[in-house]
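Asker: Before I ask anything, here is the structure I am working with.
Each reported figure results from applying straightforward, stated rules to the coordinates on display, with no laboratory input. Keep in mind that what you see is a predicted model, and the values were worked out from it rather than measured. Please note: Cβ atoms are built from the backbone with ideal geometry, for glycine as well, and neighbour counts cover all protein chains shown.
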Amino acid sequence: MECREMSVLIHEFLDGEIDELSNQKLQTHMRTCASCRQHLQELQRAIAFVQSASHIQVSPDFTARVFAQLPTPTRKKRFSSWLRNHPFLTAAAVFLFLMTGSTMANWYERDNTLQIASSNMDKLKIDRTRNVVVVPAGTTIDGDLVVRNGNVEVQGEVRGNVVAIEGKVVLASTAHVAGSAESIEAIFEWIWYEVKNIGNDLLPVFP
Amino acid sequence: MDFVEKRLTQRAKRGDREAFAELIEIYKDKIFQLAYRMVGNRQDAEDIAQETFLRVYANLHTYDESYKFSTWIYRIATNLCIDRGRKKRPDFSLDEEVEPGQGMDWYSRLSSNEKNPADSLVTQELQETVQDALSHLAPKYRSIMILRYIEDLSLQEISDIVKLPVTTIKTRIHRGREALRSKLRFM
């Protein structure tokens, strides 16, 4: 009868979860009970046999065979994993895409009226019939002069760039332009101009 | 080790195949061992191990990183083994096998001198006897005995794997030990 109770303790002992009091009880009992002693021994042997079951190894090409059965990554997945692996290029591509978009939009949204941007509007002479903006001889324009949908004829002085979009810049012999004079007619030139402007805005230029 | 594994599972989750290959390298023998002891032959065991990794791959996105990866993969493998056994043959009943063993023999006395059983030479015959003793356990006992004594996992880990309380695991281990003892006592 006591042995039945001890059987529970034996299992607690094997689980390593027996408390000190129960452990002493079990040890005392086993000193006198050969049957419980044997019971424990047989259990320990059974465990040892199972533990010593030699550890077998899987065939060497196992990993390769698992991979052969994996679903092949789809084109989309491969593309998205490429994007994940190249965050900088991805950011650059997105930036370029948006930039091109907005620049193109600027180009296509233009209208055909003559537009002038200058800080010295009063000094300019505008010839509406010929669609020409004239910087008269002897006048000085501070800063850039940008004209859209018309030509620019410079006879005086411009302390900045002269740009004609969809038009021409004509420099008279008396003209003096501190910056550059350029005519922009094609969309690619327009894009280039915009990109250059970004560069100019970003890089501090000291006079 | 756990940190490395965590990194690997995170990478594998993002679709990194190299990381997945490394996880296979870490676990293939453990999973194969479990499957082999469950089903008793190499071919079926390799099939189960392969299926385990394919399921891991397919379900990586559902893997909860707050649990150990080993718990998750052992659970998948154990379930596959038990499902396969269910299809193949009826289970043996364990519940009437447990009986208090009587009778002395000299072998059990001799064995008390055995210091480290793991070092002793394991013969082919012993291998087969152990496998046979395991195969006579019902799968729900067999899987737990294998996880405990061949995979060397703690009661808590086993409880996490099979999603049963530790007390249930203990009961099964006690019964499993008695069943193995009655099969292996005359070895």
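Asker: Would you please state which residues of the range B:155-171 a label at A:Gln51 would reach in this model, taking the label point 7 Å out along Cα→Cβ and a backbone N cut-off of under 17 Å?
Answerer: B:155-156
Asker: Using only Cα atoms and rounding to the nearest 10 degrees, what angle (0 to 90) does helix A:20-32 make with the longest principal axis of chain A?
Answerer: That works out to roughly 30 degrees.
Asker: Right, next: How large is the charge dipole for chain A, taken about the Cα centre, if only the Cβ atoms of Lys, Arg (+1) and Asp, Glu (-1) carry charge, to the nearest 20 debye?
Answerer: 620 debye
Asker: Please compare each pair in A:Lys25/B:Lys68; B:Lys68/B:Lys183; B:Lys6/B:Lys163 to a cut-off of 32 Å on the Cα-Cα distance and tell me which ones are over it.
Answerer: Cα-Cα > 32 Å for A:Lys25/B:Lys68; B:Lys68/B:Lys183; rest within.
Asker: How well do other chains shield peptide A:61-70, expressed as the mean number of their Cβ atoms within 10 Å of each residue Cβ?
Answerer: The per-residue average across the peptide is 5.
Asker: Same structure again: Mind jotting down the distance between the C-alpha centroids of the range B:34-82 and the range A:167-185, whole Å?
Answerer: Cα centroid of the range A:167-185 versus Cα centroid of the range B:34-82: 77 Å apart.
Asker: Here's another thing I want to ask about it. Please list, by residue number, every one of the GluC sites (Glu not before Pro) in the range A:8-39 that is coil in DSSP and has at most 14 other beta-carbon atoms within 10 Å.
Answerer: Filter output for the range A:8-39: A:Glu17.
Asker: Ok, one more. Pick out which of A:Val134, A:Val170, A:Val66 has the largest mean-square fluctuation in a Gaussian network model of chain A, springs linking Cα atoms closer than 10 Å.
Answerer: Top of the fluctuation ranking is A:Val66.
Asker: May I ask you to sort A:Trp82, A:Trp190 by Cβ crowding, counting other Cβ atoms within 10 Å and putting the fewest first?
Answerer: Listed from fewest to most nearby Cβ atoms, that is A:Trp82, A:Trp190.
Asker: How far, in degrees from 0 to 90, does helix A:34-52 lean away from the longest principal axis of the Cα atoms of chain A, to the nearest 10?
Answerer: Between helix and principal axis, roughly 30 degrees.
Asker: Using the count of nearby Cβ atoms within 10 Å as a rough guide to exposure, how do B:Thr168, B:Thr62, B:Thr129 rank from fewest to most?
Answerer: B:Thr62, B:Thr168, B:Thr129
Asker: Which Cys residues of chain A have no other Cys Cβ less than 4.7 Å away and so no disulfide-compatible partner by this rule?
Answerer: Unpaired cysteines in chain A: A:Cys3.
Asker: Let me ask something else about it. Under 10 Å, Cα contacts only: if you run a Gaussian network model on chain A, which one of A:Glu185, A:Glu42, A:Glu157 comes out with the highest mean-square fluctuation?
Answerer: A:Glu42
Asker: What is the angle, in °, between the Cα long axis of helix A:187-202 and the longest principal axis of the Cα atoms in chain A? Nearest 10 is fine, range 0 to 90.
Answerer: Helix A:187-202 sits roughly 70 degrees off the main axis of chain A.
Asker: Expected output is a single nm value to one decimal: the length gained when fully extending between A:Glu185 and A:Asp127, i.e. 0.36 nm times separation in residues minus the C-alpha distance. What is it?
Answerer: Extra length from A:Glu185 to A:Asp127 when fully extended: 18.8 nm.
Asker: Please work out how much length the chain gains when fully extended from A:Ser59 to A:Thr100, using 0.36 nm per residue of separation minus the C-alpha to C-alpha distance, in nm with one decimal.
Answerer: 9.2 nm
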